């Protein structure tokens, strides 16, 4: 692998009945001579990084 590029696009949908919904579109570009198995595994690992888990899990903000 010789290159990794991550592109994110954020949108916010406002529905009077349901409220606001945030959506993030992720594009992960992997460059280099990777087998399909290596690319699959790297994408799997990316889905388990701390930032991804924080954004897809429940977020609690505690004020000090």
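A short reminder: the numbers here are calculations on the coordinates, not readings from a lab. What you are looking at is a predicted structure, and each value in this text was computed from that prediction instead of being measured. Positions of Cβ are generated from backbone atoms using ideal geometry, with glycine treated the same way; all protein chains shown enter the neighbour counts.
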Answer yes or no as to whether residue 61 is in a loop (DSSP other than H, G, I, E, B) and either without any contact (Cβ under 8 Å) to a residue 40 or more places away in the chain or under 12 Å from the mean Cα position of the chain (by Cα) (or both). yes
Give the stretch 1-49 a look and list any residue that's under 18 Å from the mean Cα position of the chain (by Cα), surrounded by 11 or more Cβ atoms within 10 Å (Cβ to Cβ) and in a loop (DSSP other than H, G, I, E, B), or say none. 47
